[in-house]
Amino acid sequence: MRLGVPTEIKNHEYRVGMTPSSVREAVHHGHQVMVQAGAGAGIGCDDAAYQAAGARILPDAASVFEQADMIVKVKEPQPQECAMLRRGQLLFTYLHLAPDPEQAAGLMKSGCTAIAYETITDARGGLPLLAPMSEVAGRMAVQVGAVALQKANGGLGVLLGGVPGVAPAKVAVLGGGVVGTHAARMAMGLGAEVTVLDKSLPRLRQLDEVFGGRLRTAYASLDATEEAVLGADLVVGAVLVPGASAPKLVRRAHLARMKPGSVIVDVAIDQGGCFETSHATTHADPTYVVDGVVHYCVANMPGAVPRTSTFALNNATLPFTLALADLGWQAACRADPHLAAGLTVHEGQVTHVAVARDLGLPHVNVL
């Protein structure tokens with residue numbers, strides 16, 4: 001199969017769909033890999049590194065899309081990329097379609113077959129291709145939240161860990177999954193007072209066993225969530241419903257009762273965000289203020305650390321990329337129901353139940 005790796009064009013997105021090591025594996029499997037010139041610059045891998053791995057360098061995205069049977073990306077295709085996709089072509093990338101009807105329309109119009117990283121599952125019920133970026137985003141959430149809390153950036157002017165004689169900041173993490181766990185680990189490492197809220201008691205027990213008395217846990221009732229959010233200096237939104245839009249856990253009315261200068265980091269913004277006042281921002285302009293509360297809602301947070309993110313992502317995506325290339329998408333999905341869970345769009349139809357529901361479109365099973 002001919003695999004194409006274009007340069008990412010989303011604002012301040014420096015990751016790339018395949019590393020030179022992944023290219024070498026695909027070539028070893030007998031496939032051709034075409035990489036857009038400069039695609040790996042953001043991760044410190046030049047065209048020569050890709051050529052040494054067996055890739056052919058093409059001058060522009062149009063050439064890659066025209067010649068490839070399968071496009072391997074990181075972020076969702078932008079409108080100009082959707083226009084270059086075609087019927088019979090396979091797209092393998094993050095999609096986050098549920099809150100994005102414009103992208104959905106573009107993919108459906110193209111006639112391509114699109115498989116989303118974020119809804120592929122594993123035998124334990126996890127999301128193995130989302131997990132690496134969730135780990136990065138969870139750790140980054142505290143990092144960027146700490147910066148946003150600085151007075152010069154509009155924040156309250158508190159240090160997460162405090163100092164002797166001055167209390168540490170309070171951090172509320174909504175969701176105890178991969179993002180929430182890594183956010184809590186980072187916040188505790190900086191000395192903050194951390195509370196994680198989740199609706200799964202088994203998960204709260206796991207977190208308690210791992211972190212012991214250093215971490216506070218709470219069942220995510222309306223009362224407990226409101227209490228934690230109103231008392232927090234930093235709130236990290238880390239909830240996920242696979243494939244579907246994120247639930248709105250914090251409403252506009254809550255903001256007026258939060259501490260002026262407190263910070264919200266909405267990691268769920270890729271799926272529409274879990275705060276009513278959230279809207280996607282970029283690394284170029286990451287924050288805005290509503291009712292005195294600083295919002296950080298960058299939709300591609302791991303793109304700020306592209307080398308770490310790309311290598312972590314490729315560790316997870318490569319086996320699926322090779323399966324799709326070796327077998328073709330139909331045989332690969334029939335052989336692996338976990339991969340089939342990522343099938344989202346095929347020849348103008350939505351094939352994922354949760355995505356179809358949230359977009360108000362019919363769901364079609366094509367396997």
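The values are calculated or read from the model by the stated rules, or taken from the named source; none is laboratory data. Remember, predicted model here, so these are calculated numbers, not experimental data. Note that we place each Cβ from the backbone using ideal geometry, even for glycine, and neighbour counts take in every protein chain shown.
Sub-7 Å Cβ pairs linking a first residue in the range 259-280 that is within 15 Å of Val179 (Cβ to Cβ) to a second residue that is in a loop (DSSP other than H, G, I, E, B) and β-branched (Val, Ile, Thr), at least 6 apart or interchain, are Ala268/Val239; Cys274/Val239, ordered by first then second residue.
Of all residues in the range 147-157, those being in contact (Cβ under 8 Å) with a residue 60 or more places away in the chain and under 28 Å from the mean Cα position of the chain (by Cα) number 6.
Just one of the listed residues (Pro132, Pro99, Pro128) is surrounded by fewer than 24 Cβ atoms within 10 Å (Cβ to Cβ), in contact (Cβ under 8 Å) with a residue 60 or more places away in the chain and more than 17 Å from Asn315 (Cβ to Cβ), namely Pro99. Is there a residue in the range 296-304 that is surrounded by fewer than 24 Cβ atoms within 10 Å (Cβ to Cβ) and over 17 Å from Ala246 (Cα atoms)? So far as the range 296-304 goes, yes, one or more of its residues are surrounded by fewer than 24 Cβ atoms within 10 Å (Cβ to Cβ) and over 17 Å from Ala246 (Cα atoms). Residues that are under 26 Å from the mean Cα position of the chain (by Cα) and of a type outside the set (Lys, Arg) were ranked within the range 244-253; the one that is surrounded by the fewest Cβ atoms within 10 Å (Cβ to Cβ) is Pro247. Consider the range 40-68 and keep the residues that are surrounded by 16 or more Cβ atoms within 10 Å (Cβ to Cβ) and touching a residue at least 60 places away in the same chain (Cβ under 8 Å). The one that is nearest to Glu13 (Cα to Cα) is Gly42.
Listed here are the residues, each with its yes/no results for (1) within 26 Å of Ala304 (Cβ to Cβ); (2) in contact with a Gly (Cβ under 7 Å, 6 or more places away or on another chain).
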{"site": "His31", "(1), (2)": "no, no"}
{"site": "Ala37", "(1), (2)": "yes, no"}
{"site": "Gln51", "(1), (2)": "no, no"}
{"site": "Arg56", "(1), (2)": "no, no"}
{"site": "Asp60", "(1), (2)": "yes, no"}
{"site": "Val64", "(1), (2)": "yes, yes"}
{"site": "Ala68", "(1), (2)": "no, yes"}
{"site": "Val72", "(1), (2)": "yes, yes"}
{"site": "Glu76", "(1), (2)": "yes, no"}
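The criterion of at least 1 residues that are assigned by TED's automatic domain parsing to the domain that holds Leu160 and within 28 Å of Gly126 (Cβ to Cβ) is met by the following strands (runs of 3 or more DSSP E) wholly inside the range 208-320: 216-219, 234-237, 263-266, 293-296. Gly176 meets the stated requirement of being in a loop (DSSP other than H, G, I, E, B), closer than 28 Å to Pro128 by Cβ and at pLDDT 95 or above.
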